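Here is the structure we will look at.
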Amino acid sequence: MEEKQYKKKTTVYAFDFDGTLTKKDTLIAFIRYACGNRRFYLAMALFAPMFVLMRLRLYPNWKAKQQFFSWFFKGMDIDAFNDVCKRFAYDKQDLLREKAITQMRTVLQEGSKVIVVSASIENWVRPFFEHEFAGTEVLNSGQLQVACTKIDVRQFRVTGKFLTKNCYGREKVKRIDRAFPHRKTYTLIAYGDSAGDKAMLDYADERHYKPFR
């Protein structure tokens, strides 16, 4: 009897960014880097009531984040914004968890696909990997993809609004599906560290919660 040939499933690794691949939230770190501590703490005081409502789930997470981001960067030239994003990523490589990046390198070398799924802004997340994997083709080839919240730009200026939905919760699952359709054709292994990753972790075949600490 002729043996049936079974095609081995490919493996996709989905990594959350803030708190999983990094040691802390990069939105706050980026704002302090780009705008200074004085402006950051002033904004924290101004937005404190809104953050309380958000914690009580009386105000949408995405809207609070968008308004906070807008207060700092609305009207900024996009080239200047991207330049700060790149400098932040290059200067703050120590924010990355060494164990996490080692794991990412290992699975990429094995030929697996990797997607970084983050609620942070793509403009500063992607440069972390452009620096970390400089000289390789993993980003250009699509073997490593970055799926984050995207910002709106009009006439070369940051509008302060988000172009996409905040990449949080169920939106992370949607981003994975968009990047890798035909879910039954691959094994999904996910890494996360917060409530915003729960939907992604539940969706995965294998899940790891706070694995690199």
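Any read-out appearing in this document is the output of simple, stated calculations on the displayed coordinates, not a laboratory observation. Note that the structure is a prediction, hence the values are computed from the model and not measured. Because the Cβ atoms are built from the backbone with ideal geometry, glycine has one as well, and the counts that use them run over all protein chains shown.
Run a plain Debye calculation on the chain (Cα atoms as equal point scatterers, no solvent) and give log10 I(q)/I(0) at q = 0.12 Å⁻¹, rounded to two decimals, same order as the q list.
Each listed q corresponds, in turn, to -0.66.
Could you tell me which residue out of Ser194, His182, Tyr209 lies farthest along the dipole of the stretch 166-209 toward its positive end? Charges go on the beta carbon: Lys and Arg +1, Asp and Glu -1, centred on the Cα centre.
Comparing the listed Cα positions along the dipole, His182 ranks first.
So how long is each side of the stretch 87-213 along the principal axes, counting just the alpha-carbon atoms, biggest first, in Å?
43, 31, 29
Test of understanding: ordering Val146, Val116, Val52 by Cβ neighbours within 10 Å, fewest first, what list do you get? Spell out each step's value before the answer.
Details: Val146 20, Val116 24, Val52 11.
Listing Val146, Val116, Val52 from fewest to most nearby Cβ atoms yields Val52, Val146, Val116.
Can you give the extra length, in nm with one decimal, that the chain gains between Asp177 and Phe40 once fully stretched, where that is 0.36 nm per residue apart less the Cα-Cα distance? Please report the intermediate quantities before stating the final value.
On the way: separation 137, 0.36 × 137 = 49.32 nm, distance 3.57 nm.
Full extension of this stretch gives 45.7 nm more.
Counting DSSP beta bridges with both partners in the stretch 67-177, what percentage is antiparallel, nearest 5?
Working: 4 of 9 bridges.
Roughly 45 percent of the beta bridges in the stretch 67-177 run antiparallel, per DSSP.
Arranged by the count of other C-beta atoms within 10 angstrom, fewest first, what order do Leu139, Leu42 take?
Leu42, Leu139
How would Tyr41, Tyr191, Tyr33 line up from fewest to most surrounding beta-carbon atoms within 10 angstrom? Intermediate results must be reported in sequence, preceding the final value.
On the way: Tyr41 11, Tyr191 26, Tyr33 19.
Fewest to most other Cβ atoms nearby, the residues stand as Tyr41, Tyr33, Tyr191.
For q values of 0.22, 0.30 Å⁻¹, compute log₁₀ I(q)/I(0) with the Debye formula on a Cα-only model of the stretch 143-194, without solvent.
Normalising to I(0) and taking log10 leaves -0.92, -1.25.
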